[in-house]
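The structure under discussion appears below in the form of structure tokens.
Values in this text are rule-based calculations from the coordinates and carry no lab data. Keep in mind the model is a prediction, meaning the values are calculated, not measured. Reconstructed Cβ throughout: ideal geometry from the backbone, glycine too, with neighbour counts over all protein chains shown.
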Amino acid sequence: MIVEKYNEIWINQFIKIKEFLEKNISRILSIEHVGSTSIKGMYAKPIIDIDIIINDANDFGIIKNELEDIGYMHNGDQGIPGREVFKRNGFIQNEILDKIKHHLYVCEKDNEELEKHILFRDHLNKHEEKVIEYNKIKMEILEKYGKNNRDKYVEIKEKEYRWFFEEIIMKEKMGKKRNCT
């Protein structure tokens, strides 16, 4: 199954990875739990999405080397500038990092994709009705295309339901502008 009901364990899994990373990486501003597993009540693929936030591009080389030292390999930005992807390399074993499925990204603090992740997460964590709506969207896709068709699930969510994400992000940005004036 691609998606499962919300599981409290996801928060604990994130904390374990975060604590390990904080002990082994320097020059980080913060480590953020993002994506559906970071939203209470959200159906999600049981994979923890993590954004390591750095000050600027000057810190990236150091972070990259430190991540490689603990068993990650740099996998480029995969088409999203300022958001660098890291995957486990399979050579250096670690009980925490190899046991918990996760996606790891390094983002500069002013990265637009990072801002979207945070705005979306924070909005849904404050608005249960949006969590319910997003869960319905996910279930509609799964019912229409099958519970084991991950590629189609991701494609349809991106193409046909982009409006949902954009609407929430726009609301959050507008709310921040009103609060700043």
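Placing +1 on the Cβ of every Lys and Arg and -1 on the Cβ of every Asp and Glu, with no other charges, gives segment 20-155 a dipole of roughly 680 debye about its Cα centre.
Going by the alpha-carbon gyration tensor, a ≥ b ≥ c the square roots of its eigenvalues, is the chain rounded (a/c under 1.5) or, if a/c is not under 1.5, prolate (a/b greater than b/c) versus oblate? Oblate, since a/c reaches 1.5 and b/c is not below a/b. Loop-located trypsin sites (Lys or Arg not before Pro) across segment 62-102 with a Cβ neighbour count of 15 or fewer within 10 Å are Lys101, with loop assigned by DSSP. Taking segment 127-147 and a reference point 7 angstrom along Cα→Cβ of Ile9, no backbone N atom is nearer than 17 Å.
For Lys109 and Asn149, the FRET efficiency from 1/(1 + (r/R0)^6), where r spans their Cβ atoms and R0 equals 30 Å, is about 0.25. Working note: 222 nm ellipticity from helices only, DSSP H runs with n ≥ 4, each -39,500 (n - 2.57), summed and divided by the residues of the chain, gives -16500 deg cm²/dmol to the nearest 500.
Using Cα atoms only, what is the angle between the long axis of helix 9-24 and the major principal axis of the chain, expressed in degrees (0 to 90) to the nearest 10? For helix 9-24, the angle is close to 30 degrees. Both radii come from the Cα set of segment 1-102: Rg as radius of gyration, Rh as Kirkwood radius; their ratio Rg/Rh reads 0.96.
Subtracting the Cα-Cα distance of Ile47 and Phe164 from their residue separation scaled by 0.36 nm leaves 40.0 nm.
Checked against a 27 Å cut-off, the cross-linked pairs Lys101/Lys152; Lys64/Lys136; Lys144/Lys173; Lys18/Lys109; Lys18/Lys136; Lys64/Lys101 give Cα-Cα distances beyond that limit for Lys64/Lys136; Lys144/Lys173; Lys18/Lys136.
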